[in-house]
Amino acid sequence: MKNLILILSLMLPFVNCSNGGNENKENSLIGTWQLIETYSSDGGSNPVWTTVENGYIYTFYINGNFTSNRFTECLEGNYTISENNLILDYGCTDFNTGIETPAGTFIEDYSFEGEYLILTPTYLTCIEGCSYKFKKTNNQ
């Protein structure tokens, strides 16, 4: 009996991995996130995290919709996840900030560092690096 328990406990991590980690990452995204820090440089070679007061907010819903106050011209859209990319497709007609391609669609590399969501834009060229750190304010 001890051998059976040992074998099953050794197999458990492999069984859990077979479900794919993306679903857990996607479920972790659900809720409201507020920008608390930006990672950037002033042109030098030493980028740093800088605190943001009253940062913009994303709320991700389980049905693939999101709301945000990042842009006053458009406050909602749909999101999808593809590998480590979070694709934010704002749903407003003719919405275009001029930095994204295609218009109204922002693709962010995303990851979690502890309790924080880190978004790194793929639509910007940041030689020294640029990222945005969000803290979850509630669950949906």
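The values are calculated or read from the model by the stated rules, or taken from the named source; none is laboratory data. Source: prediction; values computed, not measured. Glycine also receives a Cβ, built like all others from the backbone with ideal geometry; neighbour counts cover every protein chain displayed.
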Taking segment 34-92 and keeping only residues that are in a strand (DSSP E or B), closer than 15 Å to TYR132 by Cα and of a type in the set (D, E, K, R), one is left with GLU37, ARG70
Flag if SER41 is at pLDDT 95 or above, surrounded by 14 or more Cβ atoms within 10 Å (Cβ to Cβ) and of a type in the set (Gly, Ala, Ser): no
Considering only segment 79-91, how many residues are at pLDDT 95 or above and either closer than 22 Å to TYR39 by Cα or surrounded by fewer than 15 Cβ atoms within 10 Å (Cβ to Cβ) (or both)? 5
Of all the residues that make up segment 74-123, how many are under 22 Å from TRP49 (Cα atoms) and aliphatic (A, V, I, L, M)? 5
